[in-house]
Each structure stands twice: as C-alpha cells, then as structure tokens.
Amino acid sequence: MVKTHPRGPIASGRARKKRPRAPASAAALSRRQLERKLAVSVGAAARAARLRAGLTQADVADRVGIASEVYGRLERGKMMPSVPTLFRLCLALQLSADASLG
C-alpha cells in the first residue's frame, strides 16, 4: 500500500531516514548576526529620536505610513524597515540615515 504525502509517495511500514542538516556556514551565521545588530541599531536610533521629539510610537507610525504594531517591532529591533520606509522614518524623526544605521 502506498500513502500519499506532500513530498511524494511513501511506502507504508518503512521508516524514513532523516537527512542530516548541513551546518550553517560561518559566513551565513555572521551575516545573520550582522543583520540582527543592524536592526537593533536602527531601532535604538529611532527610539532615541522619537523620545527627543516627544512623540508616541503611534504618532511616528502615522507620519511614516505604517501600522503602530509594525513600528513597535522596528523599534525593538525585531525587523528591518525597507529602504523607502527607512527614508520616511528619517524624515519624520529628522534623523540622518547614517545616524540611524549606526
């Protein structure tokens, strides 16, 4: 009897062997670490500029044109903004792009 599976037919009664995962390369790992540090740096710069301006997260999100939840994730360093969003963020907070990128 053959069962259907998203990856193709599987013979019943036989255990599938798991393929060993290739270890993440050092370059890929360091790239992820750099991207994470950059996201944290952008978020910290945005938060500091927002607090200096006396604005709330909702105010900045409205000026930039994004949802306040998205801006909150950006400020916490959980995500990187797109280039157009980063540009609008810098304009809204009167922040230079090089300062926001650290």
- Task: For segment 65-82, indicate whether the set of residues that are aliphatic (A, V, I, L, M), more than 17 Å from the chain's Cα centre (by Cα) and farther than 22 Å from Arg31 by Cα is non-empty.
- Result: no
- Item | Odd one out for Pro23 among (1) more than 30 Å from Arg76 (Cβ to Cβ); (2) modelled with pLDDT under 65 | (1)
- Query: For segment 57-90, how many residues meet the condition of being without any contact (Cβ under 8 Å) to a residue 12 or more places away in the chain and open to solvent by 70 Å² or more (accessible area, probe 1.4 Å)?
  - Reply: 6
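The values are calculated or read from the model by the stated rules, or taken from the named source; none is laboratory data. Worth saying up front: this structure is predicted, and the values here are computed from it rather than measured. A quick note on method: Cβ atoms are made from the backbone with ideal geometry, for glycine too, and the neighbour counts reach across all protein chains shown. Note: accessible area is taken over every heavy atom of the protein model, side chains too, but ligands, DNA and RNA are not part of it. Shrake-Rupley method; radii C 1.70, N 1.55, O 1.52, S 1.80 Å.
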